[in-house]
Amino acid sequence: MILGVGFLLHILRVLGAGDTKLLCVISLGVSPQYLSLLLYGTVFIGGAFAVAYLLYGYTTDIQKIRARGVPYAVPIAMVGGPLILLTYIS
């Protein structure tokens, strides 16, 4: 399911293919009971990261920021790593 939605978001140029693959691999290490927390946490942290990145762009060069896009692997790893640890602790 994550791969299918990620592929659709990649086609629409919302999410990169590497970010989709990273989210799929991390979801394999997370218990099903924490999977919704992984997705919602990634969206929340990713949104905060995107706003911070946008503010950084307004203080420097916004055209470079828009051309590069937001590196979404950072929020995925920030949420996924602790949830994998939580899965193996519990």
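Considering only residues of region 62-81 that are over 14 Å from the mean Cα position of the chain (by Cα) and surrounded by 11 or more Cβ atoms within 10 Å (Cβ to Cβ), which is nearest to Leu15 (Cα to Cα)?
Within region 62-81, the subset over 14 Å from the mean Cα position of the chain (by Cα) is 62-68.
Checking which are surrounded by 11 or more Cβ atoms within 10 Å (Cβ to Cβ) leaves us with 62, 65-66.
Details: Ile62: 19, Ile65: 15, Arg66: 14 Å.
Out of the qualifying residues, it is Arg66.
One residue is enough: does region 4-18 have a residue meeting the conditions in a loop (DSSP other than H, G, I, E, B), out of contact with any Leu (no Cβ under 8 Å at 6 or more places or on another chain) and under 23 Å from Leu86 (Cα atoms)? Can you show your working first?
Step one: of region 4-18, the residues in a loop (DSSP other than H, G, I, E, B) are 12-16.
Those still in the list that are out of contact with any Leu (no Cβ under 8 Å at 6 or more places or on another chain) too: 12-14, 16.
Retained after the next criterion (residues that are under 23 Å from Leu86 (Cα atoms)): none.
No - not one qualifying residue is present in region 4-18.
Criterion first (in contact (Cβ under 8 Å) with a residue 40 or more places away in the chain, assigned to a helix (DSSP H, G or I) and among the aliphatic types (A, V, I, L, M)) does Ile65 satisfy it?
Details: in contact (Cβ under 8 Å) with a residue 40 or more places away in the chain: no; assigned to a helix (DSSP H, G or I): yes; among the aliphatic types (A, V, I, L, M): yes.
Considered against the rule, which asks whether it is in contact (Cβ under 8 Å) with a residue 40 or more places away in the chain, assigned to a helix (DSSP H, G or I) and among the aliphatic types (A, V, I, L, M), Ile65 comes out as no.
Of all residues in region 19-42, which are surrounded by 13 or more Cβ atoms within 10 Å (Cβ to Cβ) and out of contact with any helix residue (DSSP H, G or I) (no Cβ under 7 Å at 6 or more places or on another chain)?
Answer for region 19-42, where residues must be surrounded by 13 or more Cβ atoms within 10 Å (Cβ to Cβ) and out of contact with any helix residue (DSSP H, G or I) (no Cβ under 7 Å at 6 or more places or on another chain): Lys21, Leu39.
Tell me whether region 49-68 contains one or more residues that are in contact with a Pro (Cβ under 8 Å, 6 or more places away or on another chain) and under 26 Å from Ile84 (Cα atoms).
Scanning region 49-68, I find at least one residue that is in contact with a Pro (Cβ under 8 Å, 6 or more places away or on another chain) and under 26 Å from Ile84 (Cα atoms), so the answer is yes.
Readers should treat all values here as calculations from the given coordinates under stated rules, not as data from a laboratory. Please read these numbers as outputs of a predicted model, since none were measured by experiment. Glycine also receives a Cβ, built like all others from the backbone with ideal geometry; neighbour counts cover every protein chain displayed.
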